[in-house]
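Report on the following structure.
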Amino acid sequence: MLCIVPAYADGPDRGRALFEPCRACHTLDPNAQPTAGPNLAGLLGRRVAGDSEFDYSPVLRQARAEERRWNRAMLDSFLTDPEAMFPGMWMTGRRIGDAAERKALAGFLADPASR
Ligand code: HEC
């Protein structure tokens, strides 16, 4: 039996779609200036608060001073509840409760160019 899974159900396209609302404040173009939020190009492996053009909140600047870096596990907890990870940060109300959605979004952010 043939089983056809729509491309949007999972993986790259889903991650791209989930990132759409984030584009209101975040760009993924490495050459673009930050907008309302920091540039997220190359986020995975980058230091927290790593956009040198963006003026971050104290809690994120503190994390940068501690040399914390974004990896998949950290991004997953962040997407679950950003404020729980960084109390007082300037990005609120962006929780993603669905683990599969977080995974797809983190996958997209890890490598947006290939998607
Ligand atoms: C209304 C604007 C807005 C929206 C929409 C938004 N963000 Fe943010 N985001 C911000 C701001 C502002 C900051 C910096 C917060 C600070 O300095 O405390 C930030 C910070 C971040 C950071 C940390 C960046 C770094 O350099 O370490 C990540 C990751 C992030 N956002 C991901 C997302 C994702 C994923 C979405 C969509 C689900 C999203 N954001 C939606 C405004 C927004």
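The values are calculated or read from the model by the stated rules, or taken from the named source; none is laboratory data. Note that the coordinates shown come from a computational prediction; the quantities given were computed from them, not determined experimentally. Neighbour counts run over all protein chains shown; Cβ positions are idealised from the backbone, glycine included.
Output the residue which, of all residues in the stretch 58-72 that are free of Cβ contacts under 8 Å to residues at least 24 places away in the same chain and surrounded by 14 or more Cβ atoms within 10 Å (Cβ to Cβ), is farthest from residue 103 (Cα to Cα).
Per the stated criteria, the residue is 62.
Among the candidates 34, 30, single out the residue that is modelled with pLDDT under 95 and within 17 Å of residue 90 (Cβ to Cβ).
Values: 30 fails: within 17 Å of residue 90 (Cβ to Cβ).
None of the others qualify; the one that does is 34.
What about residue 68, is it among the charged types (D, E, K, R), within 10 Å of the ligand (Cβ to nearest atom) and more than 15 Å from residue 22 (Cα to Cα)? Before you say what the answer is, go through the steps one by one.
Values: among the charged types (D, E, K, R): yes; within 10 Å of the ligand (Cβ to nearest atom): yes; more than 15 Å from residue 22 (Cα to Cα): yes.
So residue 68 fits the description; yes.
This table checks each residue for (1) surrounded by 15 or more Cβ atoms within 10 Å (Cβ to Cβ); (2) in contact with a Ser or Thr (Cβ under 6 Å, 6 or more places away or on another chain); (3) part of a helix (DSSP H, G or I).
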position: 56; (1), (2), (3): yes, no, no
position: 74; (1), (2), (3): yes, no, yes
position: 100; (1), (2), (3): no, no, yes
position: 105; (1), (2), (3): yes, no, yes
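Take the residues in the stretch 14-36 that are more than 10 Å from the ligand (Cβ to nearest atom) and over 15 Å from residue 113 (Cβ atoms); name whichever of them is farthest from the chain's Cα centre (by Cα).
That would be 33.
Among the residues of the stretch 32-54, which ones are crowded, with 19+ Cβ neighbours inside 10 Å and touching an Asp or Glu at 6+ places or on another chain (Cβ under 7 Å)?
38, 39
Given the criterion of a type in the set (Phe, Trp, Tyr), under 15 Å from residue 101 (Cα atoms) and out of contact with any Gly (no Cβ under 7 Å at 6 or more places or on another chain), identify the matching residue among 54, 78, 86.
Just a single option satisfies the conditions, and that option is 78.
Restricting to the stretch 77-92, name every residue that is free of Cβ contacts under 8 Å to residues at least 12 places away in the same chain, loosely packed, with under 13 Cβ neighbours inside 10 Å and either in contact with a Pro (Cβ under 9 Å, 6 or more places away or on another chain) or among the aromatic types (Phe, Trp, Tyr) (or both).
Across the stretch 77-92, the qualifying residue is only 92.
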